Amino acid sequence: MSLVPLLTSAEFSSADQPALAQGMSAYGEVLNTWAGIGNSPGLLAAYLPFLRQVNGPGALDGRVKELVAVRVSVLNHCRYTTSHRCASALAKGVSADELAAVADGGLGGFTEQERLALRLAEEMTIALPGVPVESGLTGVSADVRDEAQRVFDAAQLVELVMCISLWNALSRFHRVMAFELDMPEPPVAVAARL
(Lines give C-alpha, C1' and ligand atoms only; values in the text may rest on other atoms or scores of the structure.)
Protein backbone atom coordinates (compact mmCIF):
# COMPACT_ATOMS: atom_id res chain seq x y z
CA MET A 1 0.00 0.00 0.00
CA SER A 2 1.32 3.40 -0.97
CA LEU A 3 2.65 5.71 1.74
CA VAL A 4 0.48 8.55 0.41
CA PRO A 5 -2.90 8.69 -1.37
CA LEU A 6 -2.74 8.29 -5.13
CA LEU A 7 -4.53 11.16 -6.82
CA THR A 8 -6.81 10.89 -9.80
CA SER A 9 -6.16 13.26 -12.70
CA ALA A 10 -8.97 15.58 -11.54
CA GLU A 11 -7.33 15.94 -8.10
CA PHE A 12 -4.03 17.38 -9.36
CA SER A 13 -3.40 21.09 -8.85
CA SER A 14 -3.88 23.47 -11.74
CA ALA A 15 -0.10 24.05 -11.71
CA ASP A 16 0.47 20.37 -12.45
CA GLN A 17 -2.29 19.86 -15.04
CA PRO A 18 -0.18 20.76 -18.15
CA ALA A 19 2.63 18.36 -17.15
CA LEU A 20 0.09 15.69 -16.27
CA ALA A 21 -1.60 16.08 -19.66
CA GLN A 22 1.75 15.63 -21.43
CA GLY A 23 2.55 12.57 -19.35
CA MET A 24 -0.86 11.05 -19.95
CA SER A 25 -0.55 11.63 -23.70
CA ALA A 26 2.65 9.58 -23.63
CA TYR A 27 1.48 6.78 -21.31
CA GLY A 28 -2.32 6.87 -21.57
CA GLU A 29 -2.78 6.85 -17.79
CA VAL A 30 -1.69 8.51 -14.56
CA LEU A 31 1.37 6.58 -13.41
CA ASN A 32 1.45 5.82 -9.70
CA THR A 33 4.59 7.87 -9.14
CA TRP A 34 2.83 10.94 -10.58
CA ALA A 35 -0.27 10.19 -8.52
CA GLY A 36 1.90 10.23 -5.40
CA ILE A 37 3.92 13.31 -6.41
CA GLY A 38 0.65 15.15 -7.07
CA ASN A 39 0.16 15.40 -3.30
CA SER A 40 2.71 18.23 -3.38
CA PRO A 41 1.17 20.84 -5.71
CA GLY A 42 3.57 22.15 -8.34
CA LEU A 43 6.13 19.37 -7.92
CA LEU A 44 5.00 17.35 -10.95
CA ALA A 45 5.32 20.46 -13.12
CA ALA A 46 9.03 20.61 -12.22
CA TYR A 47 9.64 16.86 -12.04
CA LEU A 48 8.47 15.67 -15.46
CA PRO A 49 10.40 18.21 -17.59
CA PHE A 50 13.53 17.59 -15.50
CA LEU A 51 13.16 13.82 -15.88
CA ARG A 52 12.70 14.18 -19.66
CA GLN A 53 15.77 16.43 -19.90
CA VAL A 54 18.04 14.10 -17.90
CA ASN A 55 16.81 10.84 -19.39
CA GLY A 56 16.12 12.06 -22.93
CA PRO A 57 18.42 12.62 -25.88
CA GLY A 58 21.63 14.46 -25.11
CA ALA A 59 25.40 14.18 -25.30
CA LEU A 60 25.43 10.78 -23.59
CA ASP A 61 24.24 7.78 -25.58
CA GLY A 62 20.70 6.85 -24.58
CA ARG A 63 21.61 3.17 -24.24
CA VAL A 64 24.15 4.05 -21.53
CA LYS A 65 21.43 5.98 -19.68
CA GLU A 66 19.09 2.99 -19.88
CA LEU A 67 21.72 0.53 -18.62
CA VAL A 68 22.79 2.61 -15.62
CA ALA A 69 19.17 3.31 -14.68
CA VAL A 70 18.47 -0.43 -14.52
CA ARG A 71 21.66 -1.09 -12.55
CA VAL A 72 20.90 1.63 -9.99
CA SER A 73 17.28 0.52 -9.55
CA VAL A 74 18.37 -3.09 -8.99
CA LEU A 75 21.11 -2.06 -6.54
CA ASN A 76 18.48 -0.10 -4.60
CA HIS A 77 16.16 -3.14 -4.70
CA CYS A 78 13.29 -1.07 -6.05
CA ARG A 79 10.73 -3.19 -7.89
CA TYR A 80 8.75 -0.18 -9.14
CA THR A 81 11.70 1.69 -10.66
CA THR A 82 13.16 -1.53 -12.04
CA SER A 83 9.89 -2.34 -13.81
CA HIS A 84 9.85 1.13 -15.40
CA ARG A 85 13.50 1.12 -16.38
CA CYS A 86 13.38 -2.42 -17.82
CA ALA A 87 10.27 -1.56 -19.86
CA SER A 88 12.02 1.54 -21.21
CA ALA A 89 15.27 -0.29 -21.95
CA LEU A 90 13.50 -3.16 -23.71
CA ALA A 91 11.49 -0.70 -25.80
CA LYS A 92 14.74 0.99 -26.84
CA GLY A 93 16.45 -2.21 -27.97
CA VAL A 94 18.28 -3.49 -24.89
CA SER A 95 17.82 -7.27 -24.76
CA ALA A 96 16.48 -9.25 -21.80
CA ASP A 97 19.85 -11.06 -21.64
CA GLU A 98 21.65 -7.72 -21.39
CA LEU A 99 19.27 -6.63 -18.61
CA ALA A 100 20.00 -9.87 -16.75
CA ALA A 101 23.75 -9.21 -17.08
CA VAL A 102 23.29 -5.65 -15.80
CA ALA A 103 21.28 -6.92 -12.83
CA ASP A 104 24.03 -9.47 -12.04
CA GLY A 105 26.77 -6.86 -12.39
CA GLY A 106 28.26 -8.66 -15.37
CA LEU A 107 30.22 -6.31 -17.60
CA GLY A 108 31.19 -8.71 -20.39
CA GLY A 109 29.59 -8.00 -23.73
CA PHE A 110 29.23 -4.27 -23.12
CA THR A 111 31.21 -1.46 -24.74
CA GLU A 112 33.99 0.35 -22.89
CA GLN A 113 31.69 3.31 -22.20
CA GLU A 114 28.88 1.06 -20.98
CA ARG A 115 31.19 -0.94 -18.68
CA LEU A 116 32.67 2.22 -17.19
CA ALA A 117 29.25 3.82 -16.74
CA LEU A 118 28.01 0.68 -14.96
CA ARG A 119 31.08 0.66 -12.68
CA LEU A 120 30.51 4.34 -11.84
CA ALA A 121 26.81 3.66 -11.20
CA GLU A 122 27.68 0.88 -8.78
CA GLU A 123 30.25 2.97 -6.91
CA MET A 124 27.91 5.95 -6.67
CA THR A 125 25.07 3.75 -5.43
CA ILE A 126 26.86 1.43 -3.02
CA ALA A 127 30.26 2.85 -2.06
CA LEU A 128 29.70 6.61 -2.07
CA PRO A 129 27.24 6.77 0.87
CA GLY A 130 29.76 5.02 3.12
CA VAL A 131 32.88 7.02 2.20
CA PRO A 132 33.53 9.95 4.56
CA VAL A 133 35.09 13.06 2.98
CA GLU A 134 38.39 12.49 4.79
CA SER A 135 38.64 9.06 3.13
CA GLY A 136 37.71 10.22 -0.35
CA LEU A 137 36.50 13.64 -1.40
CA THR A 138 34.33 12.38 -4.27
CA GLY A 139 33.28 9.08 -2.69
CA VAL A 140 34.27 7.11 -5.79
CA SER A 141 37.60 5.44 -6.52
CA ALA A 142 40.27 7.51 -8.24
CA ASP A 143 40.71 4.92 -11.01
CA VAL A 144 37.01 4.97 -11.97
CA ARG A 145 36.91 8.76 -11.80
CA ASP A 146 40.09 9.16 -13.88
CA GLU A 147 38.90 6.61 -16.42
CA ALA A 148 35.54 8.39 -16.69
CA GLN A 149 37.34 11.67 -17.44
CA ARG A 150 39.33 9.89 -20.16
CA VAL A 151 36.38 8.13 -21.82
CA PHE A 152 33.61 10.73 -21.55
CA ASP A 153 33.65 14.42 -22.47
CA ALA A 154 32.40 17.07 -20.02
CA ALA A 155 28.80 17.11 -21.29
CA GLN A 156 28.62 13.32 -21.21
CA LEU A 157 30.04 13.22 -17.67
CA VAL A 158 27.49 15.71 -16.40
CA GLU A 159 24.65 13.72 -17.97
CA LEU A 160 26.03 10.40 -16.68
CA VAL A 161 26.53 11.54 -13.09
CA MET A 162 23.15 13.32 -13.13
CA CYS A 163 21.43 10.23 -14.57
CA ILE A 164 22.96 7.97 -11.91
CA SER A 165 22.06 10.47 -9.19
CA LEU A 166 18.51 10.88 -10.46
CA TRP A 167 17.83 7.15 -10.52
CA ASN A 168 19.31 6.75 -7.06
CA ALA A 169 16.94 9.42 -5.78
CA LEU A 170 13.91 8.08 -7.64
CA SER A 171 14.46 4.42 -6.82
CA ARG A 172 14.74 5.32 -3.14
CA PHE A 173 11.66 7.54 -3.39
CA HIS A 174 9.66 4.83 -5.18
CA ARG A 175 10.76 2.11 -2.79
CA VAL A 176 9.77 4.02 0.34
CA MET A 177 6.50 5.14 -1.25
CA ALA A 178 5.68 1.48 -2.03
CA PHE A 179 3.89 2.15 -5.30
CA GLU A 180 2.17 -0.80 -6.96
CA LEU A 181 3.48 -1.66 -10.41
CA ASP A 182 1.90 0.13 -13.36
CA MET A 183 4.37 -1.28 -15.89
CA PRO A 184 5.14 -4.94 -16.66
CA GLU A 185 7.09 -7.00 -14.14
CA PRO A 186 10.85 -6.86 -14.75
CA PRO A 187 12.26 -9.89 -16.58
CA VAL A 188 12.54 -12.88 -14.24
CA ALA A 189 16.36 -12.82 -14.14
CA VAL A 190 16.27 -9.14 -13.16
CA ALA A 191 13.49 -9.53 -10.61
CA ALA A 192 15.51 -12.30 -8.91
CA ARG A 193 18.12 -9.67 -7.99
CA LEU A 194 15.63 -7.39 -6.25
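The values are calculated or read from the model by the stated rules, or taken from the named source; none is laboratory data. Values in this document were obtained by computation on a predicted structure and should not be read as measured data. When we count neighbours, we look across all protein chains shown, and the Cβ atoms used for this are built from the backbone with ideal geometry, even at glycine. Just so you know, the surface numbers come from the protein's heavy atoms only, side chains and all, with ligands and any DNA or RNA stripped out. Shrake-Rupley method; radii C 1.70, N 1.55, O 1.52, S 1.80 Å.
Net length available on complete extension from ASP104 to ILE126 is 6.5 nm, with 0.36 nm assigned per residue and the Cα-Cα distance removed. Pop the C-beta distance of THR8 and ALA87 into the FRET formula with R0 = 25 Å and round what comes out to the nearest 0.05. My answer for the efficiency is 0.65. Summing Cβ point charges (Lys, Arg +1; Asp, Glu -1) relative to the Cα centre of the range 66-186 gives a dipole of roughly 260 debye. Across the chain, Cα pairs under 8 Å and at least six residues apart give a relative contact order of 32 percent. The modelled label-to-label distance for the pair GLU180/ALA21, using points 7 Å beyond Cα in the direction of Cβ, is 2.9 nm. Along its principal axes, the range 9-73 has C-alpha extents of 36, 21, 21 angstrom, given from the largest down. In the elastic network of the chain, a GNM with C-alpha springs shorter than 10 Å, the most mobile of LEU120, LEU128, LEU75 is LEU128. With the highest mean first, a sort of the peptides 161-167, 13-19, 144-150 on other beta-carbon atoms found within 10 angstrom per residue produces 161-167, 13-19, 144-150. Altogether, the Stokes-Einstein calculation at 25 °C and 0.890 mPa s, with the Kirkwood radius of the range 132-171 over Cα pairs as Rh, returns a diffusion coefficient of 219 µm²/s.
Could you order peptides 103-111, 63-71, 39-47 by the average number of other Cβ atoms within 10 Å of their residues, highest first? Walk me through the numbers before you get to the answer.
Working: 103-111: 13.9, 63-71: 25.2, 39-47: 16.7.
So the order, starting with the most tightly packed, is 63-71, 39-47, 103-111.
Centre-to-centre, using Cα atoms only, the range 157-174 and the range 69-96 are separated by 13 Å.
Quick one: pull the percentage of alpha-carbon pairs in the chain with a separation above 22 Å.
Cα-Cα pairs in the chain separated by more than 22 Å: 49 percent.
Calculated on the Cα set of the range 64-176, radius of gyration then Dmax: 13.5, 43 Å. Accessible area per residue for the chain is 48 Å², calculated with a 1.4 Å probe on protein heavy atoms, without ligands, DNA or RNA.
Full extension of the chain between VAL158 and ARG193 yields a length gain of 9.8 nm, computed as 0.36 nm times the residue separation minus the alpha carbon distance. Between ALA178, ALA100, ALA142, the residue with the greatest mean-square fluctuation in the GNM of the chain (Cα pairs under 10 Å linked by springs) is ALA142.
When the accessible area of the range 71-194 is computed with all protein chains present and a 1.4 Å probe, what percentage of it is carbon and sulfur?
On the way: 3430 of 5970 Å².
C and S fraction of accessible area: 57 percent.
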